[in-house]
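*Asks:* One structure follows; several queries about it will come next.
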């Protein structure tokens, strides 16, 4: 009788060892866990590279801050290629911080374009993201677009457009992107749907809170 009990205990002990070895340590990563983690890191890295390569990095570009023209950045026409909420920028004649030193400025939540002149002393940018001289097309369609500042012939084509209508809409046809009043060919404020003809000779077109513009002819 004692012999049978001893054999039963030994068998039970062996069974427990086998079950324990099959279960493993739940805290130890398996090969599949390691591969999943590695694949996730690779996907994140590829995503970061895609975002970074949204513009031609071989062309002049800079980020937010106050920059000295001619030293930190070179004069020329730059654009933000993506919308950025709360973007503020200004061309400056000096760094005293006075209103008189602001040559032109703007607040926008949409992609925009600015021309920095050789005579400018500085340029200030806050919450605008990357400014680049990559002026290639940013629109998906050249005949339908929403708020932003666009280059005629690159982002949008010339023609007669009608917007969907929105309260507080402001739009302007532009002969340049300095932000000076002299660059405005024509402009308007409206709370209803309106129609505007953008000429092929216009340098740009800007719209804020206007909804969607669609080519009519």
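The values are calculated or read from the model by the stated rules, or taken from the named source; none is laboratory data. Because the structure is predicted, anything quoted here is derived from the model rather than measured. With ideal geometry, Cβ positions are generated from the backbone for all residues, glycine too; neighbour counts draw on all protein chains shown.
*Asks:* Need the failing condition index for residue 111 against (1) assigned to a strand (DSSP E or B); (2) closer than 18 Å to residue 203 by Cβ; (3) not assigned by TED's automatic domain parsing to the domain that holds residue 180, just the number.
*Replies:* Of the numbered conditions (1) assigned to a strand (DSSP E or B); (2) closer than 18 Å to residue 203 by Cβ; (3) not assigned by TED's automatic domain parsing to the domain that holds residue 180, the odd one out for residue 111 is (1).
*Asks:* Turning to a different aspect of this structure: Check residue 209 against each of (1) surrounded by 13 or more Cβ atoms within 10 Å (Cβ to Cβ); (2) modelled with pLDDT under 95 and name the one condition it does not meet.
*Replies:* Against the list (1) surrounded by 13 or more Cβ atoms within 10 Å (Cβ to Cβ); (2) modelled with pLDDT under 95, residue 209 comes up short only on (2).
*Asks:* If you go through the range 115-151, how many residues are under 18 Å from the mean Cα position of the chain (by Cα), farther than 14 Å from residue 62 by Cβ and surrounded by fewer than 20 Cβ atoms within 10 Å (Cβ to Cβ)?
*Replies:* Going through the range 115-151 one residue at a time, the tally reaches 8.
*Asks:* Among the candidates 154, 192, single out the residue that is under 24 Å from the mean Cα position of the chain (by Cα) and in a loop (DSSP other than H, G, I, E, B).
*Replies:* None of the other options fit; the residue is 154.
*Asks:* Same structure, new question: Looking at (1) over 29 Å from residue 56 (Cα atoms); (2) exposed (fewer than 13 other Cβ atoms within 10 Å of the Cβ); (3) within 25 Å of the chain's Cα centre (by Cα), which is the only condition residue 170 fails?
*Replies:* (2)
*Asks:* Would you check if there is a residue in the range 56-68 being surrounded by 10 or more Cβ atoms within 10 Å (Cβ to Cβ), over 22 Å from the mean Cα position of the chain (by Cα), at pLDDT 50 or above and not assigned by TED's automatic domain parsing to the domain that holds residue 148?
*Replies:* Yes - at least one qualifying residue is present in the range 56-68.
*Asks:* Starting from residues that are without any contact (Cβ under 8 Å) to a residue 60 or more places away in the chain and farther than 18 Å from residue 137 by Cα, keep the ones in the range 76-91 and report whichever is surrounded by the most Cβ atoms within 10 Å (Cβ to Cβ).
*Replies:* Among those that are without any contact (Cβ under 8 Å) to a residue 60 or more places away in the chain and farther than 18 Å from residue 137 by Cα, it is 89.
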